[in-house]
Amino acid sequence: MTVSTVARTKYEAVIGLEVHLQLRTNTKIFCSCSTHFGDPPNSNVCPVCLGLPGALPVLNQAAVTMAMKAALALNCAINPRSRFARKNYFYPDLPKGYQISQYDEPLAEHGWVDIEVGKTRKRIGVTRVHMEEDAGKSLHEGFPDSDRKSYIDLNRSGVPLIEIVSEPDLRTPDEAFEYLTRLKTLLLYLDVSNCNMEEGSLRCDANVSVRPEGATKFGTKTEVKNLNSFRFLHKALTYEIERQIEIVDGGGTIQQETRLWDSKEQRTYGMRSKEFAHDYRYFPEPDLLPLVISDEWKAQARQSLPELPDARRQRFIQEYALPDYDAGQLTLSKQLADYFEDVAQGSGEPKLAANWMLSELLHLLKDANREISESPVSAAHLAELLKMIAKGSVSGKMAKDILAEMYSSGKTAGALVSEKGLAQITDADQISKVAREIIAANPKQVEQYRSGKTATMGWFVGQVMKATRGQANPQMLQELLKKELG
């Protein structure tokens, strides 16, 4: 779908995201069944999560604490009293015929997340954070439809969720992508979820509409559901915005509906007419008392918060004198930030640690599709290599080769330097002796240098480095060659 640049500039998009996050509890929200992912279908179930008559829910305290930590990190106000409600709808993977959720009395409200797109910083409001139980999972196989079979796995039924609802403050797919990225980073720091989109631990629905540029009234929105990757979120929003602009600019009307993203055809398509809140016939859950959050409980949750990404980024700038970009990159994940601090403190060279992590180690990990937690080079071993660079024991060029060998072999820098005889030569007499031999054997190049062709110096440096297997100290070599050639 292609929309003209003129048409595109006449309209702006209005986007709000609803993010569903599975909490990292050991048991489900209203029963003691395991939440372990990947177990055989329907093996982690009981009368409560199967919705059998007479089974009563009991609220998981750990889930509430995790939900509060997430809400506090999102700058939300925790409501002292919240209430669960029944959200009624019928689907095969919802055995009770309703989902226990929160509606008009959520756990927390009125927060925000700051994002940065390019050099523009923007605050995105968070309308609410509420708790609910997850539904089961429908599995479909077979094609064509006449041979299609469907199965229900209720292991996920009753797994604790929080839903984070943003204000309609996002205007572009880039902003939505950045918001979701910041949200995921924050939640991983809190360790309240593994945020694994492939396992369904993090799911996103997007509400999107378009309106004439400068207008204040919202257009008719559509909801794009179950976006299970950041890339699909960006592509689905880009497509849906252009689809709506094309319809509105052509004099058509947007239908309020729920749509799905087809990754094969790279388009959204209609799923059903968009439901309204009254369609769910919400009413208070009669089997659960209102949830009362005491000041003491809230204070305990706040005290358990770790240092969050923005605060850690600012500390890295101040404590380690890092540029803003480096600090931002190193705090993208808690594991990366922890690794950096271990290297910086172990080597006493924070700027060197940042440079080598961002320019060398992360490239090796990316090529192998590994995370920092899977690095074959420990923080202590990288710190050892950086101390050798700082002392001049090895040159930067040699260190790159050593790091690559450390990565592939698991050996330490000290062991490799000793084993391969790679220690940098810092003995002036030894370097001078080699330099004089090179100079004596190449009178033509000496004459060129002395006649003003100073670029010849690079040739002499190369010859001496070749003769010393790259082990001569580069700075010392430059000075000694100037002296000998002069």
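The values are calculated or read from the model by the stated rules, or taken from the named source; none is laboratory data. Since the model is a prediction, treat every value here as computed from it, not as a measurement. Cβ placement follows ideal geometry from the backbone for every residue including glycine, while neighbour counts extend to all protein chains displayed.
Annotations
- Condition check for Ala55: of a type in the set (A, V, I, L, M) and closer than 30 Å to Pro168 by Cα: no
- Only one of the listed residues (Glu141, Glu133, Glu223, Glu199) is surrounded by 15 or more Cβ atoms within 10 Å (Cβ to Cβ) and at pLDDT below 95. That residue is Glu223.
- Identity of the residue in the range 362-402, under 29 Å from the mean Cα position of the chain (by Cα) and assigned to a loop (DSSP other than H, G, I, E, B), that ends up farthest from Gln335 (Cα to Cα): Ala368
- If you check Ala206, Ala236 for being closer than 22 Å to Ile162 by Cβ, in contact with a strand residue (DSSP E or B) (Cβ under 8 Å, 6 or more places away or on another chain), at pLDDT 90 or above and not β-branched (Val, Ile, Thr), only one passes: Ala206.
- Within the range 269-282, residues that are assigned by TED's automatic domain parsing to the domain that holds Thr222 and under 17 Å from Asn88 (Cα atoms) sit with their Cβ atoms under 8 Å from residues that are surrounded by fewer than 12 Cβ atoms within 10 Å (Cβ to Cβ) and modelled with pLDDT of 80 or more, at 6+ positions apart or across chains, in these pairs: Tyr282/Asp104.
- Residue in the range 50-73 that is on the phi < 0 side of the Ramachandran plot, in contact with an Asp or Glu (Cβ under 6 Å, 6 or more places away or on another chain) and among the basic types (Lys, Arg) present: no
- Any hit, the range 20-32, residues being of a type in the set (Val, Ile, Thr), at pLDDT below 95 and in a loop (DSSP other than H, G, I, E, B): no
- Here the strands (runs of 3 or more DSSP E) wholly within the range 218-320 that include at least 2 residues being within 32 Å of the chain's Cα centre (by Cα) and closer than 22 Å to Arg86 by Cα are 222-227.
- Counted residues, the range 49-76 - those being surrounded by fewer than 21 Cβ atoms within 10 Å (Cβ to Cβ) and over 21 Å from Leu188 (Cα atoms): 10
- Taken over the range 66-107, the residue count meeting the criterion of being over 29 Å from the mean Cα position of the chain (by Cα) and either in a helix (DSSP H, G or I) or of a type in the set (S, T, N, Q) (or both) is 3.
Matching residues to (1) at pLDDT below 95; (2) under 22 Å from Gln303 (Cβ atoms); (3) in a strand (DSSP E or B):
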| residue | (1), (2), (3) |
| --- | --- |
| Thr2 | yes, no, no |
| Glu12 | yes, no, yes |
| Leu17 | no, no, yes |
| Val45 | no, no, no |
| Cys49 | yes, no, no |
| Gly54 | yes, no, no |
| Val58 | no, no, no |
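- Residue ID - surrounded by the most Cβ atoms within 10 Å (Cβ to Cβ), chosen from residues in the range 108-123 that are assigned to a strand (DSSP E or B) and of a type in the set (D, E, K, R): Glu109
- Among (1) surrounded by 14 or more Cβ atoms within 10 Å (Cβ to Cβ); (2) modelled with pLDDT of 95 or more; (3) in contact with a Pro (Cβ under 9 Å, 6 or more places away or on another chain); (4) of a type outside the set (Lys, Arg), the one test that Leu332 misses: (2)
- Checking Asp249 against (1) farther than 21 Å from Arg203 by Cα; (2) in contact with a Gly (Cβ under 9 Å, 6 or more places away or on another chain), the condition it does not meet: (2)
- Selection status of Val210, crowded, with 18+ Cβ neighbours inside 10 Å, in a strand (DSSP E or B) and under 22 Å from the mean Cα position of the chain (by Cα): no
- Listed by first and then second residue, the pairs with beta-carbon distance under 6 Å, at least 6 apart or on different chains, first residue in the range 328-355 and under 15 Å from Ile317 (Cβ atoms), second outside any helix (DSSP H, G or I) and not basic (Lys, Arg), are Ala337/Thr331; Ala354/Leu322.
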